[in-house]
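The values are calculated or read from the model by the stated rules, or taken from the named source; none is laboratory data. What you see is a predicted model, and the numbers here were worked out from it, not measured in a lab. Cβ sites come from the backbone with ideal geometry, for glycine too, and all protein chains shown count toward neighbours.
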């Protein structure tokens, strides 16, 4: 049996030459790394820069200074690179402790190059084992396997049986984690059979343990026997705790709970007896967790054991390290200036501070996507100059942003990263804050929660007094919640009393919030205590004057009732209380220090409120609640832009000045100084603005709602839709229990539960949409032919009934081609006058439904990179139709675009270029434009949003310009959303990549439809007409079009290739080859075909084959849609 992909069973011969002494020496060398030692960086970190020494026969003979990732000074006496290699490994281990796997991998790759140049060395095995750790952290299983195999090969060359077995187990673990569990079982089982002939002992015990672990992962019954065999091996005492722990968990899995409890207790005792207190702690905590999940009373006592060990393990703070924080900062800054030019450091730091301040302000306004763009820019700048202290602040703010969006996992990862680096630097106050925020994002019973909280409690001794006072109550409260979650009731009660006393001393407004959390934790649904809980929470809510207290209590009560399925008037009222309190907090965000503790109150329960309201038949109330969560971020961004249909009215100019002054004061924190001085300038600004809004209500209705980012209400819809050609609006809502659709017209607002969609595989459809948005398929057939899409398309066709249609998707439906209908033959077709919106509230905020062409008020740019020849033809055609010159190639820069937009009001903008969409990091998406020096750059959403798109109609002939990531709170992140938030009225975009030829033809025909329409135009109608033309066009029609449009500097290329495509569709391959050659000649600057050949084309295209439709398939036209009003 060949268990090694790159070796084979013949390698077993190597084992025969190994001696016990040789194996032990190799293992010792592997572990000690040549005697180099750096302290652990989480609990007892040293400074950022340090010098490592190892004494030789006459004193210090080798040294290496490590200053940062990728910076090493190998010093005297290191001719063979040993010092550098060992230092690289140690520093990589530190980076892994800090969670910086990318930096660690860079270090380890350098170490691998050094190790490969040396003879077989156990340290090289360590290098590849750590590289496996890096790859596993990112779930890069192919890389992990490759690193593991290289380490396995090296272990054979070293000649250590223990290392061979250890690296083989690593490969088995990677297989199991990557889903290849049966492969892991076969490999680890084969390893056991290979090692068994060498007799009992530690190597066989290690192999058996690896096989037992793989069997347990696969759910095989034989795992218990394998664990028992490990326990019987001589010389394997060091593995006894691990084997007992694994055996205990397997017994729990088989519902042999009593035996599992005994084995885990025994494992914890073994660890404790051998001085492995940390493993004992983990074992007791795991036992408590398993018992908790099964409702066993053993959970509480086991947790108390874990708690007592945690107090010993995680309470020892190196106060000298933290007191040295100012010196560490000064030393780090000096080192940065020595590695980088001082001017570069100062410019980068100043720019990062600006981005951080702006990102924080945008976050306070709930403009989450715009805030992330700024914060990521700050992160990038600070990373380049290795400004670690400032980076922790950026990660902290990003963590809060993720928490506001409801992304607890992402928030937790960012808080962990910030806390780890703060610990490394010795920033006690920062580490304390970041750790507590991390705890507040986690569930009380999370395995790491107890360790974090005990460590935070220890940090109180060295943190600043003001931070410690604010945080102590929250730590005690969270410890109480964690104890309660595991059934350690007496311990929980003691921490609860401590939290209440600390809160009364320092932050009285915290008391109701703590009580709400604790009472909710204690009470199980359906128990007699529930009525008492409701009564006490209601008293707390009514007695608390603060919005945060009322919000916390109402939200907990409402969600508790919602989860129990109580869709009653009482539940609706409770959720309404929570939403109202949130609105109050939102209005005062940044103005008063409403709550100075470290809390994560959770996202507002608008969706739950909407679902209960629908259940009770409150359609208008449900719609209003849904709009509040869907529209806020876009409206918050739009309110800083000029209001729709702005004029040169001096009153509007004055209003804009006052509004900007108010925003500046709120963003700068000046309001805090006002409170101290008793000044009321902010109140004066509010009063003056309110008076102006009332005066301007007649001439500029909706200005107040625009500035205050108020979502549209149900009663506003009839007038808004009637003014937009009597349009229909359909807004979807994917609730917890069903898919709903609101249908609004000029007369009514109704709600429908789409049970027929639920029955056709909605979950499968949304997974398909998510997968397609990641992989950019060329063919949309899988989505278009899915029963859910057909059902939705037919439903929307009936709802529209021939009228203009606005569709507002929800969650993953934002990624569905809902602009397409179904024709009589059941095939997808463009639905006339259909436009998609992220929120119905944009109907009020972005002006009229139709675009009025204005001669000269247009920008056209094409092919900035220089590799899209048909895009140039598209630009030439668009410019001719719009009556403006087109910019090409290196003329199409970001400055050209910004300057052009600044000089026009409500322009028409056409860009034919490349676009990039980064699904994992949408802020890294953008348009690829030229630079003045002849290069190109990606213009991201933040730079695009800073330009004046107010009232613009935009056509982006660019791949994936309409792709968006759907984030928490139904917020979109992508280019289209960025332009809408900057004031664009409507945007023609593509959801997926489209070929240069088909994109150019479709956009060309779009402009033909624009000029064919007299008066104001609706972009949804124009695009649908162009798409219908494309799907129904015959090869003969295509030839006819090309004959009449082969003039100009660039259009001959497009026309010539269109003829080649027509011949191919008709089956005339000779004609296809000839006209393809003509096109190639044109692309190289040649003359192409003669005019006589153009004149002969109509007669050549008269055959029956030219009735074929070359662009009938949806991939040629279906990806484009209109986003906006």
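Looking at the range 1029-1105, what helices (runs of 4 or more DSSP H) fall wholly within it and have at least 3 residues that are over 30 Å from residue 866 (Cβ atoms) and over 47 Å from the mean Cα position of the chain (by Cα)?
Details: elements: 1035-1043, 1051-1065, 1069-1083, 1091-1100.
Ranges flagged: 1091-1100.
On the basis of being part of a loop (DSSP other than H, G, I, E, B) and either touching a strand residue (DSSP E or B) at 6+ places or on another chain (Cβ under 9 Å) or without any contact (Cβ under 8 Å) to a residue 24 or more places away in the chain (or both), does residue 865 make the cut? Spell out the reasoning first.
Details: part of a loop (DSSP other than H, G, I, E, B): yes; either touching a strand residue (DSSP E or B) at 6+ places or on another chain (Cβ under 9 Å) or without any contact (Cβ under 8 Å) to a residue 24 or more places away in the chain (or both): yes.
Yes; evaluated as a whole, the condition is true for this residue.
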Boolean, residue 496 is farther than 26 Å from residue 392 by Cβ, at pLDDT 75 or above and either assigned to a helix (DSSP H, G or I) or assigned by TED's automatic domain parsing to the domain that holds residue 549 (or both): yes
Residue 932 being modelled with pLDDT under 90, touching a helix residue (DSSP H, G or I) at 6+ places or on another chain (Cβ under 9 Å), crowded, with 20+ Cβ neighbours inside 10 Å and not assigned by TED's automatic domain parsing to the domain that holds residue 814: no
Close pairs (7 angstrom Cβ cut-off, 6 or more residues apart or separate chains): over 20 Å from residue 148 (Cα atoms) in the range 181-200, outside any helix (DSSP H, G or I) and modelled with pLDDT of 85 or more anywhere: 200/233; 200/234
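Let's see how each residue does on (1) surrounded by 22 or more Cβ atoms within 10 Å (Cβ to Cβ); (2) touching a residue at least 12 places away in the same chain (Cβ under 8 Å); (3) within 17 Å of the chain's Cα centre (by Cα); (4) in a helix (DSSP H, G or I):
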position	(1), (2), (3), (4)
338	no, no, no, yes
346	no, no, no, yes
353	no, yes, no, yes
369	yes, yes, yes, yes
373	yes, yes, yes, yes
Flag if residue 145 is more than 15 Å from residue 112 (Cβ to Cβ), assigned by TED's automatic domain parsing to the domain that holds residue 109 and either surrounded by fewer than 22 Cβ atoms within 10 Å (Cβ to Cβ) or within 30 Å of the chain's Cα centre (by Cα) (or both): yes
Every residue from the range 398-420 that is crowded, with 22+ Cβ neighbours inside 10 Å and either within 17 Å of residue 378 (Cα to Cα) or in the same structural domain as residue 629 (by TED's automatic domain parsing) (or both): 398, 399, 401, 402, 414, 415, 418
Total residues in the range 873-890, condition closer than 22 Å to residue 1012 by Cα and touching a strand residue (DSSP E or B) at 6+ places or on another chain (Cβ under 8 Å): 10
Flag if residue 314 is modelled with pLDDT under 90 and under 25 Å from residue 484 (Cα atoms): yes
Which numbered condition residue 625 misses (of (1) modelled with pLDDT of 85 or more; (2) farther than 17 Å from residue 586 by Cα): (2)
Qualifying residues in the range 153-184 (those that are under 13 Å from residue 122 (Cβ atoms) and under 38 Å from the mean Cα position of the chain (by Cα)) - the one surrounded by the fewest Cβ atoms within 10 Å (Cβ to Cβ): 166
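From the list 126, 133, exactly one residue is surrounded by fewer than 24 Cβ atoms within 10 Å (Cβ to Cβ), touching a residue at least 24 places away in the same chain (Cβ under 8 Å) and closer than 30 Å to residue 431 by Cβ. Which is it? Quick ask: steps written out before the conclusion?
On the way: 126 fails: surrounded by fewer than 24 Cβ atoms within 10 Å (Cβ to Cβ).
Answer to the check: 133.
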Check on residue 179, at positive phi and touching a helix residue (DSSP H, G or I) at 6+ places or on another chain (Cβ under 9 Å): yes
